[in-house]
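Following: one structure in structure tokens, then a few remarks.
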Amino acid sequence: MPHFILETKRTTMQTLQTERGSVGTLLGLLVLIIALYVGHQLWLKHKGPRRLEVPTTASMSVEPAPQSTDLIDEQVHIELAPTPQPVQIPTSPYAAMLTDIGQMIEQGKLQEAQSKLQALPPDALSDMAIRLNVATLWNNLGVHQAQTAGTMGAGAFAYKTAVSINSRNSTAYMNMVLAYWELKDPGLTTEMLEEAMRVAPENAMPHLILAQRFIEKDELSNATTHLEHAKAHSVDSPQAQSFLNNQIAYIEKARKAEQNFHARDSSHFTVKYDGGEDYAVWTRVLEILEDAYRDIGQQLGHYPSKPILVVLHTRQSFHNATSGPAWSDGLYDPSLGRIKVPTQGALTDQAWLTRVLRHEFVHALLDDRLQGHRIPQWLNEGLAMQLAGDAPPDIPAFIRGEVALINLTHLEGSWGGLPAQYAMVAYLEGNSATRYLIDRYGMGTVRDLLDRLSKGEAFPAAFHDRVFITYDDFQRRWVDTLNLSLQGGRT
Ligand SMILES: [Zn+2]
């Protein structure tokens with residue numbers, strides 16, 4: 001009878017950094033709640049609970065992808081739709097023209113409608129009733145433009161024009177905010193968000209966006225204040241309230257854990273740390289991080305768009321602050337945008353410290369690079385291990401007997417729920433498959449792949465486009481290579 005084990009050497013195990021995901025990112029939450037708030041169609045695809053497929057076949061093979069995707073995180077798929085408004089055309093010399101424009105918009109003649117709106121003489125807007133209706137038409141034009149393009153941002157110019165004509169049109173104002181937010185337009189200033197709160201005081205969205213900004217600036221108590229406002233505006237949605245309660249509790253926990261910490265900046269990092277610790281650790285950590293910034297940034301062809309926050313904990317406060325499993329070495333927390341690392345005794349094992357910091361920096365860098373889009377977890381972890389330096393050995397080094405690998409498609413979602421023994425297999429596979437990807441196809445291909453993912457392309461399509469073989473073929477070749485290496489090792 002074949003034996004299915006993936007035995008690991010205890011000493012080598014320590015070279016693996018493992019971590020656990022935190023609560024969902026506020027960005028995802030934002031999209032969810034914005035969709036609830038804008039009050040439009042929302043499709044939630046709830047996957048069933050995560051279930052690990054225990055390998056049952058002999059030899060080193062990859063199981064075919066099953067129909068279900070149990071191991072992939074539940075995903076929230078949302079179609080954002082802006083709000084059109086009813087148009088009531090008053091009696092006026094322009095009434096017929098405005099009615100015509102309204103019909104054009106309904107019929108999808110958007111270019112023509114826009115030209116007509118732009119051609120309206122200024123004196124048309126001197127009549128208040130006309131003015132309000134022209135603003136409404138601009139809003140509705142933006143809505144149809146957004147629907148046609150399938151993206152909120154496509155209506156931005158029209159919403160902005162609507163607001164410039166009637167700044168009290170709360171629908172147009174919120175559509176503008178949503179469009180700017182989707183476009184990541186720098187025009188979405190704090191002043192604009194504050195004005196949105198005045199124009200549409202019952203809307204949770206401006207509070208959510210501001211909360212996210214305060215989190216990015218590490219002003220956690222301000223973030224909580226805005227999340228509390230958002231919660232107060234979410235009484236109609238138990239789902240949003242529950243999300244917000246979890247998020248507030250999570251932020252408060254981090255805030256309390258870090259409240260007496262001191263902060264020190266380098267060019268590209270802010271390192272926070274409990275003043276009782278050894279100052280030398282702080283200095284060493286900044287050096288390691290700045291090296292990582294140059295080296296890993298160059299390899300991935302990307303440098304973070306903002307300073308990265310790194311929080312140094314004692315081992316006890318690390319586990320209290322992260323609720324991480326006992327085997328967790330470090331953590332990148334995407335929801336709060338910070339690296340958390342325990343530093344007790346760090347200077348006595350600088351190789352460990354360097355590896356953990358570089359590993360978590362890769363996660364932070366990829367998070368910044370992907371702009372809220374997803375990367376398969378096996379590749380995320382694989383890149384972190386490969387680029388941290390001192391990556392664990394490839395799978396054949398651990399093999400005793402025969403083993404079935406977990407299909408990579410099962411390792412795309414969060415690994416947070418994996419039992420520790422499967423987590424190890426997952427890390428080894430991520431490391432091995434990523435190593436094969438880099439060795440065989442080069443870092444340039446990896447950079448191209450990340451570029452496609454950052455534009456929202458699905459992984460299998462992006463993979464086929466940039467690696468020029470299918471994801472399935474890649475897995476087969478990778479496993480073939482592992483088997484060759486195994487055979488080679490046994491002769
Ligand atoms: Zn990791």
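Pairs are defined by a Cβ separation below 9 Å, a sequence spacing of at least 6 or placement on different chains, a first member in segment 154-171 that is within 17 Å of Ser115 (Cβ to Cβ), and a second member that is of a type in the set (Lys, Arg); the pairs so defined are Ile165/Arg131. I'd like the residue in segment 274-313 that is of a type in the set (Ser, Thr, Tyr) and closer than 19 Å to Arg355 by Cβ and, out of all such residues, is modelled with the lowest pLDDT. Out of the qualifying residues, it is Thr283. Checking every residue in segment 466-473 against the condition of being without any contact (Cβ under 8 Å) to a residue 60 or more places away in the chain, open to solvent by 20 Å² or more (accessible area, probe 1.4 Å) and within 18 Å of His373 (Cα to Cα) gives at least one match.
Determine whether segment 432-445 contains at least one residue that is within 21 Å of the chain's Cα centre (by Cα), under 24 Å from Ala292 (Cα atoms) and in a helix (DSSP H, G or I). Before you say what the answer is, go through the steps one by one.
Step one: list which residues in segment 432-445 are within 21 Å of the chain's Cα centre (by Cα), which gives 434.
Okay, now just the ones that are also under 24 Å from Ala292 (Cα atoms), so 434.
When the remaining residues are screened for being in a helix (DSSP H, G or I), the result is 434.
Yes, segment 432-445 contains a residue that is within 21 Å of the chain's Cα centre (by Cα), under 24 Å from Ala292 (Cα atoms) and in a helix (DSSP H, G or I).
Screening segment 338-349 for residues that are more than 14 Å from the ligand (Cβ to nearest atom) and buried (at least 21 other Cβ atoms within 10 Å of the Cβ) and picking the one that is modelled with the lowest pLDDT gives Ala346. Out of curiosity, is Gly416 at positive phi and either within 16 Å of the ligand (Cβ to nearest atom) or not β-branched (Val, Ile, Thr) (or both)? Criteria not met by Gly416.
Checked across segment 396-408, the condition of being within 15 Å of the ligand (Cβ to nearest atom) and either surrounded by 22 or more Cβ atoms within 10 Å (Cβ to Cβ) or not small (Gly, Ala, Ser) (or both) holds for no residue. State which residue is modelled with the highest pLDDT when the search covers only segment 328-337 and only residues that are within 12 Å of the ligand (Cβ to nearest atom) and assigned to a loop (DSSP other than H, G, I, E, B). Taking the candidates together, the pick is Pro334.
When you look at Leu227, is it in contact (Cβ under 8 Å) with a residue 12 or more places away in the chain, under 24 Å from Thr151 (Cα atoms) and not assigned by TED's automatic domain parsing to the domain that holds Glu287, yes or no?
Numbers: in contact (Cβ under 8 Å) with a residue 12 or more places away in the chain: yes; under 24 Å from Thr151 (Cα atoms): no; not assigned by TED's automatic domain parsing to the domain that holds Glu287: yes.
No, not satisfied.
Taking the criterion of being under 20 Å from Leu449 (Cα atoms) and acidic (Asp, Glu), the residues of segment 367-417 that qualify are Asp367, Asp368, Glu381, Glu412. Just one of (1) without any contact (Cβ under 8 Å) to a residue 40 or more places away in the chain; (2) of a type outside the set (Asp, Glu); (3) within 16 Å of the ligand (Cβ to nearest atom); (4) touching an Asp or Glu at 6+ places or on another chain (Cβ under 7 Å) fails for Gly389. It is (4). Considering (1) open to solvent by 10 Å² or more (accessible area, probe 1.4 Å); (2) under 14 Å from Pro376 (Cβ atoms), the lone condition that Gln421 does not fulfil carries the number (2).
Filter segment 432-456 for residues that are polar (S, T, N, Q) and free of Cβ contacts under 8 Å to residues at least 60 places away in the same chain; which is nearest to Ala364 (Cα to Cα)?
Going through segment 432-456, the residues polar (S, T, N, Q) turn out to be 432, 434, 445, 454.
Now drop any that are not free of Cβ contacts under 8 Å to residues at least 60 places away in the same chain, which leaves 432, 434, 445.
On the way: Ser432: 21, Thr434: 18, Thr445: 20 Å.
That would be Thr434.
Could you list, in sequence order, the residues of segment 350-377 that are acidic (Asp, Glu) and away from the ligand (no atom under 12 Å from the Cβ)?
At the first step, the residues of segment 350-377 found to be acidic (Asp, Glu) are 360, 367-368.
Passing the criteria: only Asp368.
The values are calculated or read from the model by the stated rules, or taken from the named source; none is laboratory data. As the structure is a prediction and not an experimental result, all values here were calculated from the model. So basically every Cβ, Gly included, is an ideal-geometry build from the backbone, and we count neighbours across all protein chains shown. Note: areas computed on protein heavy atoms with side chains; ligands, DNA, RNA excluded. Shrake-Rupley method; radii C 1.70, N 1.55, O 1.52, S 1.80 Å.
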